[in-house]
1. Hey, can you tell me all the residues within segment 42-87 that are over 24 Å from residue 4 (Cα atoms) and of a type in the set (S, T, N, Q)?
2. Within segment 32-87, track down each residue that is farther than 24 Å from residue 111 by Cα and polar (S, T, N, Q).
3. Report, by residue number, each residue of segment 24-42 that is over 16 Å from the mean Cα position of the chain (by Cα) and either aliphatic (A, V, I, L, M) or closer than 19 Å to residue 240 by Cβ (or both).
4. Determine whether residue 185 is among the small types (Gly, Ala, Ser) and assigned to a loop (DSSP other than H, G, I, E, B).
5. Please determine whether any residue of segment 51-61 is at pLDDT below 90 and in a loop (DSSP other than H, G, I, E, B).
6. Looking at 49, 84, 27, which one is surrounded by 15 or more Cβ atoms within 10 Å (Cβ to Cβ), touching a strand residue (DSSP E or B) at 6+ places or on another chain (Cβ under 8 Å) and among the small types (Gly, Ala, Ser)?
7. Going residue by residue through segment 65-88, is there one that turns out to be within 26 Å of residue 248 (Cα to Cα) and either touching a Cys at 6+ places or on another chain (Cβ under 7 Å) or not assigned by TED's automatic domain parsing to the domain that holds residue 133 (or both)?
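The values are calculated or read from the model by the stated rules, or taken from the named source; none is laboratory data. A quick note: this is a predicted structure, and the numbers were derived from the prediction, not measured. All Cβ positions, even for glycine, are placed from backbone atoms using ideal geometry, and neighbour counts span all protein chains on display.
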Amino acid sequence: MLLIDKYAYFNGLKDVHPLEKMVFALSLLLFSLTVRDMAVSLITFTVMSALIIFAAKIPLSYYLKLLLLPGFFILSGTITILFSFTGKSTSISNIWWSWKIGNWQIFISDDSFGTVANLVTVVFCSISCLYFLTLTTPITVILSVLRKLKVPSLLVDLIELTYRFIFIFLDTALAIHQSQASRLGYGSFRKGIRSLGLLISSLFLGVLQRSGQLTMAMNARGYQENLSYIEDTYTYSSRNWLIAIVILGSLILINGYL
């Protein structure tokens, strides 16, 4: 079991109704993406992070590790926006930093810095909303809510099977890597490259074999194009709905004031 999936089953908000968490997280996500305001995004990120750490009892170190994963992609994407190029004779106002190379000038302007800052805050705000839902609600419970909302069963089953195959993929990769490492397959750079190539080729064959076994197991148990699970019982909380309305209403007021 992945650690992120373990926290989804064992956290401080596991007994909260999944619909309440989904409506709360997705409402803040859609509002932040709609207004795209830096202040609103920062407040939303702070609120969601506080709920993840203090309410759901997710360790701070693990949450920061999760934030580092998309951070590398954001960094690589914002570099191209942050830096601009122009001819040497072109005059530019509001430059923070510049560097001349031959007939070209590399610079960072107020507009590019503001665009990057707004983009980073909106992205991390969106990620915090999704992490709140992922770390507090198991995937089977989320899919159960989607079924009750009359989402097509084929789409729900595809999501569930894809999520299952992620575990199969990671489990197979870990087993192959441990086997190679125990035989000093990564003792040198050359051996590491060769072992990595063998791991990738063996990985897809292993996952294909496991997926075939899963299909046969499902057919043997009478699979009829519908995956069924025993659902837990949850109760709605008026206090939780009130907190969600207050937070969303406060963000709307802040956005109107700004």
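1. Matches in segment 42-87: 76, 78, 80, 84, 86.
2. Passing the criteria: 46, 49, 61.
3. 24, 27, 31, 35, 38, 39, 40, 42
4. In short, yes.
5. no
6. 84
7. no
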